[in-house]
């Protein structure tokens with residue numbers, strides 16, 4: 001090769017693609033995140049299911065729910081769907097209460113209960129939804145949604161770490177390094193996300209979805225604006241030494257994913273809780289993601305907390321309109 | 001236009017040249033001001049670093065930017081703020097209107113005393129018997145006694161060599177890495193910047209050795225004036241350009257509070273001759289005859305990005321240690337395998353295949369809270385039984401541990417992953433190949449401590465390198 005040759009040789013397109021893949025070993029994570037967004041957009045959401053009018057639903061959640069919870073029996077809704085929700089909701093609330101006791105622990109049984117209450121959160125937050133029979137009505141679907149949320153919203157924020165894992169590895173095992181990192185990251189985030197969902201659901205069941213979204217929104221804004229959040233965010237992009245070969249290479253990548261996930265949970269939990277409280281509405285998730293993405297750029301630092309407040313206000317505003 | 005002059009040139013004219021005399025008077029005046037005064041000495045030092053605590057309302061403290069490509073622009077704005085404050089104090093005291101901070105060119109080969117502190121900074125007392133405001137007892141006592149900084153600490157050759165400003169993806173750079181995605185000190189920030197900090201301070205508790213106290217030492221500002229000058233020197237060399245990225249150019253730095261506050265972007269301080277800066281250096285010529293390294297002006301393989309900026313093609317990692325390396329009071333070494341053949345796809349990126357590949361040594365995640373030495377010199381494949389002094393040709397470079405303690409604090413402002421250095425070892429690798437001593441099975445890296453504390457207080461400390469890796473491009 002003579003001179004500076006950035007021009008591709010004969011099979012130009014293949015060579016170009018190989019170059020791009022070399023420069024951006026994280027390319028398939030970007031694709032995965034895009035696919036997760038599409039899935040979140042097209043997979044039927046509880047809110048999309050046929051159900052009673054919004055006014056009714058809002059009424060039942062805002063007014064009847066607390067009494068339902070304390071009385072321990074279903075809301076006496078006039079619509080059939082609402083009734084069904086109530087009866088499932090009953091068991092879930094119990095689970096939700098246990099979740100509260102078990103905050104911090106991740107026992108399998110509690111987790112399942114927490115998931116149940118998450119389904120409820122989906123409904124309460126879901127702006128008048130009655131999704132007991134929806135595809136998120138069961139545990140697997142709730143877990144699936146948590147996975148999609150993390151892949152769509154959180155993985156893109158740690159692309160720098162994914163790149164670090166790949167570029168700090170021998171070229172033959174770059175993609176294995178990425179797999180190890182992502183496995184560790186998800187191993188930490190998914191249970192955390194399920195806990196967050198559970199907690200948001202419990203809060204929603206006590207206070208009504210509007211109030212809980214407002215409270216979580218303000219808490220998120222306060223957390224975003226706090227100096228601790230800034231320090232935490234810096235730690236999200238910490239690097240770690242990775243062994244080059246053998247099982248230690250796998251272990252180091254996995255551990256790096258776990259450690260990154262931990263910092264990521266600590267800095268992003270509040271906004272993820274806001275997504276849950278807002279019923280996983282796609283615009284809210286999009287706004288939260290955009291906010292987090294902008295927060296990586298030093299130039300946007302000053303705007304970050306303002307935007308957080310705006311999200312909170314918009315969620316509350318949407319709630320008011322519904323009510 | 002204000003002119004910043006070399007402190008040893010001034011000192012040769014008179015040890016108490018008016019610039020230094022007025023500096024001393026102003027320091028005295030500034031020290032008398034309260035910590036809450038944005039034009040006070042303590043406030044000025046606290047802008048650089050300060051532990052959390054009872055801060056005055058509105059104080060812009062603990063702002064210093066290290067280990068990233070904001071290191072140079074931030075310190076330029078900082079120095080401008082400092083100079084404005086001191087100039088005002090000098091005027092108030094009846095001095096000249098055009099006081100400027102001198103620079104300390106410790107690398108000047110024509111100045112025999114360049115590596116010593118100038119006399120005005122070493123004497124505890126003024127000729128009249130009063131305490132000398134420019135003196136600080138919180139230095140390595142050998143520096144105050146007039147000893148020289150090590151030659152390696154002031155070697156600007158490796159600092160000025162990198163063609164690109166941005167460091168990353170395994171390649172060295174002059175100015176530092178793009179945060180938050182990449183970590184790493186630019187070549188200038190490592191040596192001479194960090195090395196002079198640690199050389200003046202000593203490895204223990206000297207003011208210059210820590211972010212929170214460095215600005216308290218009056219010589220700090222002369223040191224940073226020289227670092228700022230070296231940026232101008234580097235820019236003046238062929239093929240050297242600042243980053244074009246908006247993320248760098250539009251970054252804003254706000255220092256001080258109240259009416260005297262300064263808020264400037266990188267873009268606004270790139271031309272030092274224009275307002276609001278309006279200064280020049282008495283010399284920005286590259287140091288004569290001090291370049292053992294060849295200045296390579298060939299363009300790097302780059303790809304344009306949509307934003308108009310350019311991304312350098314990542315280098316390939318071909319080998320790394322699988323264990324941490326302790327950095328103590330005695331030399332330590334690590335040995336690991338290097339892949340002889342790189343990825344095939346990578347060959348299409350090579351600038352030219354007539355020559356040998358460029359080789360970079362990355363010293364990753366250096367952490368520690370107690371240091372045995374201020375820095376370490378790295379050697380490649382030092383033959384068994386021979387000392388580092390026997391093989392100067394195998395010297396791969398020097399790393400300075402200035403900032404390691406701050407960057408190791410998990411809850412701190414500086415990330416917690418320690419410091420990462422990237423050294424260009426192409427020449428040494430070429431030499432080893434020529435000597436038949438570049439075996440793919442193993443590369444041995446030896447860390448030799450420099451800038452150790454006085455003999456009676458030798459400690460081993462807890463500093464360690466997370467990993468040593470080799471990149472090829």
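The values are calculated or read from the model by the stated rules, or taken from the named source; none is laboratory data. All figures in this text were calculated on a predicted structure; none of them were measured in a lab. Neighbour counts run over all protein chains shown; Cβ positions are idealised from the backbone, glycine included.
Given the structure, is residue A:218 in contact with a strand residue (DSSP E or B) (Cβ under 7 Å, 6 or more places away or on another chain) and surrounded by fewer than 23 Cβ atoms within 10 Å (Cβ to Cβ)? No. List pairs: first residue in region A:1-29 and within 30 Å of residue A:161 (Cα to Cα) and within 7 Å of another protein chain (Cβ to nearest Cβ), second residue at pLDDT 85 or above and assigned to a helix (DSSP H, G or I) anywhere in the structure, Cβ distance under 9 angstrom, at least six positions apart or on different chains. From region A:1-29, the pairs are A:22/A:171. Within region A:269-309, which residues are in contact with a helix residue (DSSP H, G or I) (Cβ under 6 Å, 6 or more places away or on another chain), at pLDDT 60 or above and within 14 Å of chain B (Cβ to nearest Cβ)? Listed by number, the residues that qualify are A:292, A:294, A:295. Taken over region B:242-269, the criterion of being in contact (Cβ under 8 Å) with a residue 40 or more places away in the chain and either within 19 Å of the chain's Cα centre (by Cα) or part of a helix (DSSP H, G or I) (or both) is satisfied by B:242, B:243, B:246, B:247, B:248, B:266, B:269. Counting only residues that are closer than 30 Å to residue B:461 by Cα and without any contact (Cβ under 8 Å) to a residue 40 or more places away in the chain, region B:221-241 holds 0 of them.
What residue, among those in region B:29-41 that are touching a residue at least 60 places away in the same chain (Cβ under 8 Å) and surrounded by 18 or more Cβ atoms within 10 Å (Cβ to Cβ), is farthest from residue B:136 (Cα to Cα)? So, considering only residues that are touching a residue at least 60 places away in the same chain (Cβ under 8 Å) and surrounded by 18 or more Cβ atoms within 10 Å (Cβ to Cβ), the one farthest from residue B:136 (Cα to Cα) is B:38.
Among the residues making up region B:159-190, those that are touching a helix residue (DSSP H, G or I) at 6+ places or on another chain (Cβ under 6 Å) and part of a helix (DSSP H, G or I) are B:159, B:160, B:187, B:188, B:189. Candidates are the residues of region B:429-459 that are in contact with a helix residue (DSSP H, G or I) (Cβ under 8 Å, 6 or more places away or on another chain) and modelled with pLDDT of 90 or more; the one that is surrounded by the fewest Cβ atoms within 10 Å (Cβ to Cβ) is B:431. Scanning region A:134-189 for residues that are more than 17 Å from residue A:42 (Cα to Cα) and assigned to a helix (DSSP H, G or I) yields a count of 35.
Scanning region A:250-265 for residues that are within 12 Å of chain B (Cβ to nearest Cβ) and either crowded, with 22+ Cβ neighbours inside 10 Å or within 20 Å of the chain's Cα centre (by Cα) (or both) yields a total of 6. Just wondering, is there one or more residues in region B:373-383 that are crowded, with 21+ Cβ neighbours inside 10 Å, within 8 Å of chain A (Cβ to nearest Cβ) and at pLDDT 90 or above? No, that holds for no residue. If the condition is being farther than 21 Å from residue B:170 by Cα and in a loop (DSSP other than H, G, I, E, B), then region B:442-460 contributes B:453, B:454, B:458, B:459, B:460. Is there a residue being within 20 Å of residue B:287 (Cβ to Cβ), surrounded by fewer than 22 Cβ atoms within 10 Å (Cβ to Cβ) and within 14 Å of chain A (Cβ to nearest Cβ) anywhere in region B:210-230? No. The test for being over 26 Å from residue B:137 (Cβ atoms) and buried (at least 24 other Cβ atoms within 10 Å of the Cβ) holds for residue B:183.
Within region B:390-412, one or more residues are surrounded by 24 or more Cβ atoms within 10 Å (Cβ to Cβ) and within 12 Å of another protein chain (Cβ to nearest Cβ). All of (1) in a loop (DSSP other than H, G, I, E, B); (2) under 24 Å from the mean Cα position of the chain (by Cα) hold for residue B:56 with one exception: (2). Just to verify a result, which residue in region B:5-19, among those that are more than 24 Å from the chain's Cα centre (by Cα) and within 15 Å of residue B:87 (Cβ to Cβ), is surrounded by the fewest Cβ atoms within 10 Å (Cβ to Cβ)? Ranking the candidates gives B:18 first.
Please pick out the residue among B:196, B:219 that is modelled with pLDDT of 95 or more and under 13 Å from the mean Cα position of the chain (by Cα).
Working: B:219 fails: under 13 Å from the mean Cα position of the chain (by Cα).
Answer to the check: B:196.
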